[in-house]
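> Take a look at this one; I'll ask things after.
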Amino acid sequence: MRIAEELGVEIEIVIYQKTPPDRDELTWLVAHLEDPPADLVRKDSLFKKLGLDAVDFESAEQVVDIIAKHKMLMQRPLVVRGDRVIIGRPKERVRELLS
């Protein structure tokens, strides 16, 4: 958010815990993601608790299925500009996309 302010770019912030993307939105995000689709899945304690493995999300469709079922596994922040979607880490990627 700070980078957008520095660049004078207006942004819309979507808190995905309150308004999670539906399956169609997830499919669009994955299709436009400039990173490998598997990078959209957080490999955190919930991932481990669910007993997931890298083979569980090798395809874009599997990524959509996993995130649709377990919203908290979606990597964040996602930054969308037009038809481009990136995972906003490191922060310099956000600056490059918004510049």
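The values are calculated or read from the model by the stated rules, or taken from the named source; none is laboratory data. Keep in mind it's a predicted model, so treat the numbers as computed, not measured. Neighbour counts are summed over all protein chains in view; Cβ atoms, including those assigned to glycine, are modelled from backbone coordinates with ideal geometry. Protein only, heavy atoms only, side chains kept; ligands, DNA and RNA dropped before computing areas. Shrake-Rupley method; radii C 1.70, N 1.55, O 1.52, S 1.80 Å.
> Measuring from label point to label point, each 7 Å out along Cα→Cβ, what is the Lys43 to Thr27 span in nm?
With each label point 7 Å from Cα toward Cβ, the separation is 2.8 nm.
> Throw me the Rg/Rh for the chain, computed over C-alpha atoms with Kirkwood Rh, two decimals. List each step's numbers first, then the result.
On the way: Rg = 13.8 Å, Rh = 14.1 Å.
On the Cα set of the chain, Rg over Rh gives 0.98.
> Could you order Glu96, Glu10, Glu25 so the one with the most accessible surface comes first? Probe is 1.4 Å. Present the calculation step by step, with values, prior to reporting the outcome.
On the way: Glu96 140, Glu10 175, Glu25 95 Å².
Ranking Glu96, Glu10, Glu25 by accessible area, largest first, yields Glu10, Glu96, Glu25.
> Roughly how much of Ser59 is accessible, in Å² to the nearest 10, using a 1.4 Å probe?
Counting only protein heavy atoms, the figure is 50 Å².
> Using θ = phi - 60° and the Karplus relation 6.51 cos²θ - 1.76 cosθ + 1.60, list the HN-Hα couplings for the stretch 51-60 in order, rounded to whole Hz, with x at every Gly or Pro.
Each residue of the stretch 51-60 in turn: x, 7, 9, 4, 5, 7, 8, 7, 9, 4 Hz.
> Cross-link candidates for Lys91: which lysines have Cα within less than 20 Å, leaving aside residues fewer than 8 places away along the same chain?
Lys43
> Scan the stretch 51-94 for GluC sites (Glu not before Pro) in coil per DSSP, keeping those whose Cβ has at most 16 other Cβ atoms within 10 Å, and list them by number.
Here the GluC sites (Glu not before Pro) that fit, given the DSSP loop and packing criteria, are Glu58.
> Is any residue of the stretch 78-99 close enough, with backbone N under 18 Å, to a label point placed 7 angstrom from the Cα of Glu12 along the Cα-Cβ axis, and if so, which?
Within reach of a label on Glu12, which here means backbone N under 18 Å from a point 7 Å along Cα→Cβ, the stretch 78-99 contributes 78-86, 98.
> Charges only on Cβ, +1 for Lys and Arg, -1 for Asp and Glu: so what's the dipole of the chain about the Cα centre, in debye to the nearest 20?
Numbers: 16 positive and 19 negative charges, 99 e Å.
Computed about the Cα centre, the dipole is about 480 debye.
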